[in-house]
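Note sheet for the following structure.
The values are calculated or read from the model by the stated rules, or taken from the named source; none is laboratory data. Small disclaimer: the values here were computed from a predicted structure and weren't measured. Note: ideal-geometry Cβ built from the backbone for every residue, glycine included; neighbour counts use all protein chains shown. For accessibility, only protein heavy atoms count, side chains too; no ligands or nucleic acids. Shrake-Rupley method; radii C 1.70, N 1.55, O 1.52, S 1.80 Å.
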Amino acid sequence: MTDKTVLISQEGAVRILTNSNPGARNAITPTLYAELSAALADAQNDPEVGAIVFTGAGDFFCSGGDLNLLAKRRELPASERREKLEGLHDLIRAIRDCGKPVIAAVEGGAAGAGLSMALACDMLVSARDAFYTVAYVKVGLTPDGGATAFLSEFVSRQVLTEMCLTGDRMPAERLHALGAVNRLTDKGAALAEAIALAAKVASGPQRASARIKTLCRQAHRATLEEQLDAEAVFMVESQADAEAAEGIGAFLGKRKADFVALRRQKQDAS
């Protein structure tokens, strides 16, 4: 038995982080934010980790905030309510700022802040029968965790407004058609597919991948000139990086590039 909310395991170069509160459909606990942020930082600093998969224990990704806890927050001063909310927002920032790709594996569904955490990840693998819901309006609350920002990247204002004002469930197949879900799987297969996708990207160049992640994160809101400038900065950095020397040398030498060895060398040097 363990009192940890986040369970940590490893498959090859893939670190698997599991939100474990299955008795409450993995509702968010007070310790989740700190534990998951710490686990992301540890994976970031581990040269044996090339990519991260975030999932929920059992057959549900995350049902969002614990309403029993949220009900008590109305008794707190506004400053304390804001401080507690920043735990979620700091976690969203930690996912964004992690230099290694983070892939969500969703079974069952993702509701409220669970949806926010799933969409905060760099890629999303979902069981075909899973659903997604903003949900907050049903209990008189408003979205948090970046839900409206993430949803606005792939749905119109009208669809976003409908989702937020009704709290209706959106099936995984529709999110896949809209581009928010990378891969659909049969029920029970999301984690295995996410690990396979993570293993594929984990073999790539770590620093170049981090730069690519940043470019992709900002592309939807940057102007063309801003994005051209960002691409130029990162290309200049990448050209001087040992990863480029390895990658280009491997291509010209007709061999497979070994970027994993470079990660270990950098860690040993530090």
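Scanning for something closer than 16 Å to I95 by Cβ and either open to solvent by 40 Å² or more (accessible area, probe 1.4 Å) or among the basic types (K, R) (or both), does the range 132-143 turn up at least one residue? No, the range 132-143 has no match at all.
Only one entry in G204, G167, G188 is over 16 Å from the mean Cα position of the chain (by Cα), small (G, A, S) and within 18 Å of Q44 (Cα to Cα), namely G204.
Name the single residue that is most open to solvent (accessible area, probe 1.4 Å) among those in the range 71-109 being over 18 Å from L17 (Cβ atoms) and part of a loop (DSSP other than H, G, I, E, B).
From the range 71-109, those over 18 Å from L17 (Cβ atoms) are 71-86, 89, 109; that's our starting set.
Imposing the further condition that a residue be part of a loop (DSSP other than H, G, I, E, B) reduces the set to 74-77.
Numbers: R74: 191, E75: 147, L76: 47, P77: 67 Å².
Among those residues, the one meeting the criterion is R74.
Filtered by the rule that a residue be open to solvent by less than 40 Å² (accessible area, probe 1.4 Å) and touching a residue at least 40 places away in the same chain (Cβ under 8 Å), the range 33-45 gives L36, S37, L40, A43. For the range 53-69, the count of residues that are open to solvent by less than 60 Å² (accessible area, probe 1.4 Å), more than 16 Å from the chain's Cα centre (by Cα) and without any contact (Cβ under 8 Å) to a residue 24 or more places away in the chain is zero. Taking each residue of the range 149-171 that is open to solvent by less than 80 Å² (accessible area, probe 1.4 Å) and looking for partners that are of a type in the set (F, W, Y) with beta-carbon atoms closer than 9 Å, six or more apart or interchain, yields M163/Y132; C164/Y136; G167/Y136; M170/F131; M170/Y132; P171/F131; P171/Y132. Taking R183 as the residue in question, decide whether it is surrounded by fewer than 20 Cβ atoms within 10 Å (Cβ to Cβ), modelled with pLDDT of 95 or more and not small (G, A, S). Yes: the conditions hold for R183. Every test in (1) surrounded by 24 or more Cβ atoms within 10 Å (Cβ to Cβ); (2) more than 19 Å from A219 (Cα to Cα) is passed by R174 save one, and that test is (1). The set of residues from the range 134-175 being of a type in the set (K, R) and in a helix (DSSP H, G or I) comprises K138, R157, R174.
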